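Reviewing the structure listed below.
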Protein chains: 2
Amino acid sequence: MSEAASRRIPDVTVERLPVYRRAAMDLLSAGMRAASSDLLAKRAGVSAATLRKDLSYLGSFGTRGSGYELSFLLGQVDRQLGLDRAWPIAIIGIGNLGRALASAPGFAGRGFRVAALLDVDPHVVGQFVNGIEILHLEELPRMADKSQIAIGVITTPARAAQEVAGALEAVHTMAILNFAPVVLQVGKGVAVRNVELATELQILSFHRLHRF
Amino acid sequence: MSEAASRRIPDVTVERLPVYRRAAMDLLSAGMRAASSDLLAKRAGVSAATLRKDLSYLGSFGTRGSGYELSFLLGQVDRQLGLDRAWPIAIIGIGNLGRALASAPGFAGRGFRVAALLDVDPHVVGQFVNGIEILHLEELPRMADKSQIAIGVITTPARAAQEVAGALEAVHTMAILNFAPVVLQVGKGVAVRNVELATELQILSFHRLHRF
DNA sequence: GATTGTGAACCTATTCACAGCA
DNA sequence: TGCTGTGAATAGGTTCACAATC
């Protein structure tokens, strides 16, 4: 088999692809052309067997005896993740966290561009962050007409998050990154990822407590 | 069985406990005293069977016919997560993200308090964020002498993160929440959780692309 | 009658181990 | 000889379904 297998890629594998991508980038900019599953896995913090099985879902493009050609690997991962274009993202809720994200390196990186900043507070609407004007949430449909919003990032207080999710769904945004501490109720077609600070701290607290 | 089973709690269960905690809090402040696994599960976005099995690892304290007593449930979860004290946390790297976290509601919530803000930039050291003075990273050992840092939060650029992780390990901080895009190499006893903005967007991008 | 607690069945993910190829 | 790709074995997690019991 030499072309990408159309076997379904497991969710856990998808979650690791960005890590492999970074490992490949790092080694590439350190001047390497190829790397073994062993080295890549070490950099990614997984076992070599896991990495090999994960990559096998994208097709088999390693070379026995010498490993994976890094730029090819990067290309395969980018293609799977859809990073060959710059998807427009909107950030809704421009408080401290929203502002920080608007200028975060991760958000300006390959594959994405901040297309809109939205809020409902009249004191905030009209300000500029990182050269982008903050619009009123009501402008979302007009905004989405001009450039379809691929991913909505919710950084509002908890009580506003569900309503914002609905507004995003209404303009056919099919992916939401939610920082608000609520479980969003959305249609089946919408992909949601939750990032929660309190949750992360609580999980760490558990592990700290149950050491030994 | 009526006291907490000392069966090992699976990792996935631990990751869901904070969500159950929130669901219980919400229902409690809506005036309810008890709730069924069905209702709680709906609020938490999991199946009722999963929730019941998860809670059974903490002991069996539901009441057949009427569900779980919410304040007791909350107490059990808090005890497991170690939220009966306020653990001191340190944030290292006080850029936009570090500042946002320092004043984020999730970080001031039950179970934690921001005990130290650290950076290496002389322009930043000495400033105050949310009433807390930013100290130089070199002050970490002195700081940790006064109050043992339970959790370190790394919000530095990628290149500095590994060194900071080492400094935290040196002062016996056994839990790290890492926002920098690197896989940290730490000793076996240290619990690490990674939160990465670029990674989250890339995962969402995949799911959007592979809808249908 | 309502709802939990939990074995048993099922499904998913990781690790092993080695044949197959450069 | 070195390293990938992958079936087979194992471990871990979810769902089913129903007896127990308030």
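Every number in this text was worked out from the coordinates using simple rules, so none of it is lab data. Quick caveat: nothing in here was measured; it's all calculated off a predicted structure. Reconstructed Cβ throughout: ideal geometry from the backbone, glycine too, with neighbour counts over all protein chains shown.
With viscosity 1.002 mPa s and temperature 20 °C, the Kirkwood radius over alpha carbon pairs of the stretch B:42-146 converts through Stokes-Einstein to a diffusion coefficient of 129 µm²/s. Taking other residues whose beta carbon is less than 9 angstrom from the beta carbon of B:LEU51, and scoring Lys, Arg as +1 and Asp, Glu as -1, yields +1. Which one of B:ILE151, B:PRO105, B:GLY59 has its Cα pushed farthest toward the positive end of the charge dipole of the stretch B:31-189, where Lys and Arg give +1 and Asp and Glu give -1 at the Cβ? Final value for the positive-end residue is B:GLY59. Computed from the Cβ-Cβ distance with R0 of 30 Å, the FRET efficiency linking B:GLU133 to A:SER36 stands at 0.05.
Other residues lying with their Cβ under 15 Å from the Cβ of B:HIS123 contribute a combined charge of -2, Lys and Arg counting +1, Asp and Glu -1. When both the stretch A:129-171 and the stretch B:53-98 are represented by their alpha-carbon centers, they are found 32 Å apart. Relative contact order, whole percent, for chain B stands at 14, derived from Cα pairs under 8 Å and 6 or more residues apart.
Of all DSSP bridge pairs formed entirely within the stretch B:4-117, close to 40 percent run antiparallel. Helical content of chain A, expressed as a calculated mean residue ellipticity at 222 nm, amounts to -13000 deg cm²/dmol (DSSP H runs of 4 or more residues, -39,500 (n - 2.57) each, divided by residue number, nearest 500). Straight distance only, please: which aspartates and glutamates reach the Cα of B:LYS42 with their own Cα at less than 15 Å, same-chain residues fewer than 8 apart left out? Cα-Cα hits under 15 Å: B:ASP26, B:ASP54. Seen from A:TRP87, the other residues with C-beta closer than 9 Å to its C-beta sum to a net charge of +3, counting Lys and Arg as +1 and Asp and Glu as -1. For chain A, the residue among A:ILE92, A:TYR20, A:VAL164 whose Cα projects farthest onto the positive side of the dipole built from Cβ charges is A:TYR20. Given +1 at the Cβ of Lys and Arg, -1 at the Cβ of Asp and Glu and no other charges, the dipole of the stretch B:22-63 around its Cα centre is 20 debye to the nearest 20. Per q in 0.09 1/Å, what log10 I(q)/I(0) does a Debye calculation on the alpha-carbon atoms of chain A return? Debye intensities relative to I(0), on a log10 scale: -0.46. Considering all C-alpha pairs of the stretch A:91-201, those separated by over 16 Å amount to 57%. Largest GNM mean-square fluctuation across B:ILE132, B:ILE154, B:ILE92, computed for chain B with C-alpha springs under 10 Å, falls on B:ILE132. Spin-label model, B:THR50 to A:HIS210: label points 7 Å out along the Cα-to-beta-carbon direction sit 1.7 nm apart. Applying 1/(1 + (r/R0)^6) with r as the Cβ-Cβ distance of A:SER71 and B:GLU163 and R0 = 30 angstrom yields a FRET efficiency of 0.55. Of all beta bridges DSSP finds with both residues in chain B, what is the antiparallel percent, to the nearest 5? The antiparallel fraction comes to roughly 20 percent.
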